[in-house]
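The values are calculated or read from the model by the stated rules, or taken from the named source; none is laboratory data. If you're wondering where the values come from, they're calculated on a predicted model, not measured in any experiment. We place every Cβ from the backbone using ideal geometry, glycine too, and count neighbours over all the protein chains shown. Ligands, DNA and RNA are excluded from the accessible area calculation, which covers all protein heavy atoms including side chains. Shrake-Rupley method; radii C 1.70, N 1.55, O 1.52, S 1.80 Å.
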Amino acid sequence: MESFNGFVFPNELHITWTVMIVLYPYITGMVAGAFIVSSFYHVFGMEKLKPIAKYALVSSFAFLCFATVPLLNHLGRPERAFNILITPNFNSAMSGFGFVYMTYMVIVVLEIWFSYREEFVNRYNNSQGILKFIYGILILRNSNVNENTRKYDKKLIVILGGIGIPVACILHGYVGFLFGSIKANLWWSTPLMFIIFIFSAIVSGLAVLIFLYLFVHWKRKIKINQDSIDLMAKWLWGFMIIAVTLELMELLSISYERTEKWAVLQQLIGGKLKISYVYLQIGLFSIVPFLLLSITTLWKNININLKNFLIWLSSGMLLLQVLFMRWNVVIGGQLVSKSMRGFTEYFPGVYDKEGLIVSFLLIIIPFILLRAFDKVFPFFEKKSISN
Amino acid sequence: MDDIDRRKFLKLGILSSTGILVGSLYAFSTRGVKKDFRTYDDLLKYDWGFIVDTTRCIGCGSCVRACKVENNVPDTFFRTWVERFEINKNEAVRVDSPNGALESFKENNFSADVVKAFFVPKLCNHCYNSACTQVCPVGASFHSPDGVVLIDKDHCVGCGYCVQACPYGCRYIDTEKGTADKCTLCYHRIQHGELPACVNACPRNARIFGNLKDPKSAIRKILHQRRYGLLKAELGTNPKCYYIGLDLEVK
């Protein structure tokens with residue numbers, strides 16, 4: 001029976017969740033991913049990742065500070081945002097958000113504080129006037145640094161990192177659950193959603209760290225810690241394989257079951273999402289980085305500069321892949337009419353309150369914060385190439 | 001005699017005007033007015049339900065217009081709308097609802113050969129297991145004791161999660177107020193014993209409203225006599241809006 005393809009419920013002409021809701025999981029993904037990478041060293045003791053551990057932790061914090069901004073910008077009544085903490089409805093998948101977010105914030109801030117404590121104390125000792133006062137508050141007037149305090153700080157970092165990993169997974173897996181638990185939406189409703197979200201978070205976390213690390217080191221002409229980069233690139237390769245495979249396997253099983261769901265979704269994939277999903281997310285930004293990273297990981301005799309360039313390129317592409325993945329999930333799901341008879345349209349305006357310029361700014365601001373932090377507390381080792 | 005009459009007259013006048021004054025004060029004071037608000041226990045005697053008889057609907061759109069006027073529904077958003085289904089001899093199905101049928105239906109979808117056509121009015125199903133109240137993070141969406149799904153607009157944060165969760169597309173974010181909105185079964189009217197505006201406006205009695213807890217109510221009688229269907233029953237939302245003559249094509 002042939003059916004006409006153009007009916008959406010009248011209220012569905014409006015897309016409720018805009019590009020802001022695309023950015024939120026994108027940014028929290030980087031938060032969770034970067035934190036997990038920093039924990040590879042702090043908790044699991046991977047010495048090779050030591051040079052990037054602090055940088056990863058601070059990056060996680062920088063993204064975390066701005067993760068809620070797109071949400072607040074999207075809320076119809078942002079001044080009531082705290083209702084979610086004051087009167088949470090625990091039947092709602094969304095109600096835990098504030099609590100998980102705050103717990104995670106506390107863990108990250110504490111972990112940063114403990115890993116920077118010694119540096120704060122040094123600065124306190126070497127500064128004068130108002131700066132000394134500020135550092136004094138920052139170290140809580142305790143300028144003791146000795147073997148014992150170092151041991152104690154390190155122990156606490158391990159504990160915080162240990163708690164932080166599950167909380168980071170919850171923070172992001174839970175965003176996936178938020179989508180996956182909506183039975184009304186064919187494209188979202190799958191128990192795999194939160195697992196896919198966690199893996200894609202780690203991919204975006206690794207990718208942003210590598211991308212920024214190499215970029216900054218080239219720009220400042222300082223020596224790249226090749227061991228760290230190689231290991232991270234390997235992890236990136238592994239995690240992107242898992243993330244993409246999971247997503248494709250899920251699609252395969254939906255398609256093989258041949259239910260009504262697939263009848264609708266295949267029109268979505270072959271129609272409205274053809275470019276952003278099939279060509280860009282899967283084709284260009286998954287397969288190409290996979291091949292590039294396969295080369296850099298498996299080919300031992302490759303020229304170092306070329307290798308780093310390929311790693312940099314693929315991490316940049318994977319950053320876009322994850323962005324497209326968020327777009328395809330959040331927007332793609334809303335394009336399908338709940339009448340199962342058609343699709344609606346959406347593309348953000350340039351100057352809108354929830355438009356492209358605002359989105360661009362929201363992505364850039366965490367990097368500016370990171371740059372400012374680096375200016376005060378440099379987190380990269382300063383070995384120039386000539387050494 | 002005149003004096004006595006005058007005195008009597010004045011006395012009577014003062015007394016009666018005082019009487020009117022006191023009486024009217026009493027009559028217009030709030031003390032004596034019966035409160036509209038029923039107590040919680042009173043509300044528990046009701047469980048408001050809805051029947052849509054698709055076999056009776058003629059697609060005039062009166063209900064949509066009545067709803068818009070009664071509830072100040074913003075343009076391009078709908079608390080209720082009417083869908084038109086047309087099937088031609090090639091078994092092709094066409095569905096439309098131009099502007100929610102606010103101006104009724106003007107043009108045919110198929111130029112000819114329509115073998116079957118019908119209208120289906122839609123509104124909030126006020127489900128027993130509503131997905132929208134389940135997902136509201138702040139508890140602003142709730143079930144009233146008399147079985148109506150309502151939104152506390154002074155508490156809603158406008159996150160839009162309920163809009164996503166409703167399988168029937170019945171909710172929207174009121175862009176002016178920044179909060180979620182939907183059909184309330186005209187809660188402000190049914191409290192006074194009036195009918196919802198759409199039920200009142202329907203010229204064909206295609207919409208039937210009543211108390212499901214009352215065994216003698218018309219709605220219960222009709223449900224006992226007629227065969228009906230539910231929208232997307234497989235999702236387990238347990239809707240309370242019953243569709244008589246529901247076609248397979250309607251989702």
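Worth pointing out:
Yes or no, residue by residue, for (1) in contact (Cβ under 8 Å) with a residue 12 or more places away in the chain; (2) assigned to a helix (DSSP H, G or I); (3) crowded, with 17+ Cβ neighbours inside 10 Å:
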| residue | (1), (2), (3) |
| --- | --- |
| A:Gly205 | yes, yes, yes |
| A:Phe215 | yes, yes, no |
| A:Ser228 | yes, yes, yes |
| A:Trp235 | yes, yes, yes |
| A:Met240 | yes, yes, yes |
| A:Leu248 | yes, yes, no |
| A:Ser253 | no, yes, no |
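- Screening the candidates B:Ile222, B:Ile244 for the property of being crowded, with 18+ Cβ neighbours inside 10 Å and in contact (Cβ under 8 Å) with a residue 12 or more places away in the chain yields one hit, B:Ile244.
- From the list B:Ala66, B:Ala112, the lone residue that is assigned to a helix (DSSP H, G or I) and more than 10 Å from every other protein chain (Cβ to nearest Cβ) is B:Ala66.
- Screening region B:126-155 for residues that are within 7 Å of chain A (Cβ to nearest Cβ) and either open to solvent by less than 10 Å² (accessible area, probe 1.4 Å) or hydrophobic (A, V, I, L, M, F, W, C) (or both) and picking the one that is nearest to B:Val82 (Cα to Cα) gives B:Ala131.
- Filtering region A:79-96 to residues that are among the hydrophobic types (A, V, I, L, M, F, W, C) and either more than 7 Å from chain B (Cβ to nearest Cβ) or in contact with a strand residue (DSSP E or B) (Cβ under 8 Å, 6 or more places away or on another chain) (or both) leaves A:Phe82, A:Leu85, A:Ile86, A:Phe90.
- Meets criteria (of a type outside the set (Phe, Trp, Tyr) and modelled with pLDDT of 95 or more) for A:Gly238: yes
- Of the residues making up region B:1-60, those that are in contact with a helix residue (DSSP H, G or I) (Cβ under 8 Å, 6 or more places away or on another chain) and either at pLDDT below 85 or more than 30 Å from B:Arg204 (Cβ to Cβ) (or both) are B:Tyr26, B:Gly32.
- Residues in region B:61-101 that are open to solvent by 20 Å² or more (accessible area, probe 1.4 Å) and hydroxyl-bearing (Ser, Thr, Tyr) were compared, and the one that is modelled with the highest pLDDT is B:Ser62.
- The listed residues are A:Phe367, A:Phe343, and the only one of them that is within 14 Å of another protein chain (Cβ to nearest Cβ), aromatic (Phe, Trp, Tyr) and open to solvent by less than 60 Å² (accessible area, probe 1.4 Å) turns out to be A:Phe343.
- Among the residues making up region B:191-216, a single one is of a type in the set (Val, Ile, Thr) and either open to solvent by 60 Å² or more (accessible area, probe 1.4 Å) or part of a helix (DSSP H, G or I) (or both): B:Val199.
- Residue in region B:183-193 that is more than 14 Å from every other protein chain (Cβ to nearest Cβ), in contact (Cβ under 8 Å) with a residue 24 or more places away in the chain and at positive phi present: yes
- Verdict on B:Val95 being part of a strand (DSSP E or B), in the same structural domain as B:Cys186 (by TED's automatic domain parsing), more than 30 Å from A:Gly76 (Cα to Cα) and under 21 Å from the mean Cα position of the chain (by Cα): no
- Restricting region B:162-184 to residues that are of a type in the set (Ser, Thr, Tyr) and surrounded by fewer than 24 Cβ atoms within 10 Å (Cβ to Cβ), the residue that is modelled with the lowest pLDDT: B:Thr175
- The single residue among B:Glu107, B:Glu176, B:Glu83, B:Glu103 that is more than 7 Å from chain A (Cβ to nearest Cβ), of a type in the set (Asp, Glu) and free of Cβ contacts under 8 Å to residues at least 24 places away in the same chain turns out to be B:Glu107.
- Exclusive hit being touching a strand residue (DSSP E or B) at 6+ places or on another chain (Cβ under 9 Å), in contact (Cβ under 8 Å) with a residue 60 or more places away in the chain and either β-branched (Val, Ile, Thr) or outside the structural domain of A:Trp235 (by TED's automatic domain parsing) (or both), set A:Val330, A:Val336: A:Val336
- Number of the exception - A:Trp312 against (1) over 29 Å from A:Phe40 (Cα atoms); (2) touching a helix residue (DSSP H, G or I) at 6+ places or on another chain (Cβ under 9 Å): (1)
- Test: residue in region A:104-121 that is closer than 25 Å to A:Phe179 by Cβ and either surrounded by fewer than 23 Cβ atoms within 10 Å (Cβ to Cβ) or within 14 Å of chain B (Cβ to nearest Cβ) (or both): yes
- Whether a residue is open to solvent by less than 20 Å² (accessible area, probe 1.4 Å), aromatic (Phe, Trp, Tyr) and either within 22 Å of the chain's Cα centre (by Cα) or over 30 Å from A:Ile210 (Cα atoms) (or both) was assessed, and A:Tyr277 passes this test.
- Of the residues making up region A:179-197, one or more are among the small types (Gly, Ala, Ser), assigned to a helix (DSSP H, G or I) and either within 22 Å of B:Ser130 (Cα to Cα) or at pLDDT below 95 (or both).
- Of all the numbered requirements in (1) more than 30 Å from B:Tyr168 (Cα to Cα); (2) open to solvent by less than 10 Å² (accessible area, probe 1.4 Å), A:Arg326 misses one, and that requirement is (1).
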